[in-house]
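The block underneath contains the structure these notes are about, expressed in structure tokens.
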Amino acid sequence: MPKQNSVSLPYSEVTPKAAYLSRRDLIKTAALPLAAFQAGAATKLSGYKKSGFSTSEKQTPYNAITTYNNYYEFGLDKDMPAVNARNFKTSPWTIRIDGEVAKEKTIDFDALMKLAPLEERVYRLRCVEGWSMVVPWIGFPLSALIKAAEPASKAKFVQFETYFDLKQMPEARYAGLPFPYIEALRMDEAMHPLTILSAGLYGETMPNQNGAPVRLVVPWKYGFKSVKSIARIRFTEKKPLTTWTIANPREYGFQANVNPEVDHPRWSQARERRIGEFGKRDTLKFNGYADQVASLYGGLDLRKNY
Ligand SMILES: Nc1nc2c(c(=O)[nH]1)N[C@H]1C(S)=C(S)[C@@H](COP(=O)(O)O)O[C@H]1N2
Ligand SMILES: [Mo]
């Protein structure tokens, strides 16, 4: 759907041969119900294992996760995406992979889901607006896709682009943002084992309002980095632009690491409200993932690089 003229390559063409062969057994045991992903409406997923990277904190109820959303292409209010994205067409789906890669290609959703076994990762998600959730995502490390994409040694950044169609997303007109929505990570952030592509939550395929059919999740960064409904992944040598730095560079930096010590210019980032709970709790540096990710930012002044 994203690009009419795109050609879907078979799985074997987007995966280095050795990796393909060694992964075959994994895929057998993963037993993915691929047909489930094509159904459109939320469908049960099975065959995924629980990841040790998960938090044991209380999970935010499904109903809250799926009705309190930021997805500006589908409206500005938190309850609008659930309504306006109801008929969003997410099948068939392809992702274009281009830029500094051995060979530019288009991968379709089924092939993407075969790159690695699915895992459940329960992560905290914190928005720069000051609310947070605990979400049981289903996905796999983005690194699996990056390896399959065979980036050139020149590639230092990965840029993500959301699918955009004004016909399906008429509310986008009022968002005051340039679309398609774009975000980017440094290559080392993108390769980090906590960074995942997610195709579902709470044991079901991804609801449209949460970024169906597949979205990024980077748990130590503010929510806006976690781009939804990915249509394109581009490898670049130079630091790419991002939607929020184009819209307001003073308020939304490229790094966007969750950091209670660095305020947003108009409000504090020290505390947060967990959706569905009363009162506020302290925000943790790197959203509580400092042990795993702080070393990525050694020597970087996080006040300047926010
Ligand atoms: N395409 C797209 N992706 C997006 C957004 C958006 O408006 N458009 N909002 C971001 C913001 S600000 C947040 S906080 C998270 C919210 O994810 P959730 O609705 O699944 O909680 O999605 C991010 N990804
Ligand atoms: Mo956000």
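Would you confirm whether or not segment 253-273 contains a residue that is away from ligand 2 (no atom under 13 Å from the Cβ), within 27 Å of Ser153 (Cβ to Cβ) and among the acidic types (Asp, Glu)? No, the conditions are met nowhere in segment 253-273.
When you scan segment 48-151 for helices (runs of 4 or more DSSP H) that lie fully inside it, which ones turn up with 1 or more residues that are farther than 29 Å from Glu277 by Cα?
Counting at least 1 such residues, we get 109-113, 142-149.
Looking across segment 117-155, just one residue is away from ligand 1 (no atom under 16 Å from the Cβ), among the acidic types (Asp, Glu) and surrounded by fewer than 19 Cβ atoms within 10 Å (Cβ to Cβ), and that is Glu150.
Put simply, of Glu261, Glu277, Glu272, Glu251 the only residue that is under 18 Å from Trp131 (Cβ atoms), modelled with pLDDT of 95 or more and part of a loop (DSSP other than H, G, I, E, B) is Glu251. Kindly list the number of the only condition in (1) within 16 Å of ligand 2 (Cβ to nearest atom); (2) surrounded by fewer than 19 Cβ atoms within 10 Å (Cβ to Cβ); (3) part of a strand (DSSP E or B); (4) not hydroxyl-bearing (Ser, Thr, Tyr) that fails for Glu183. The one condition Glu183 does not meet is (2).
The values are calculated or read from the model by the stated rules, or taken from the named source; none is laboratory data. Note that the structure is a prediction, hence the values are computed from the model and not measured. Don't worry about glycine lacking a Cβ; one is built from the backbone with ideal geometry, like all the others, and counts go over all protein chains shown.
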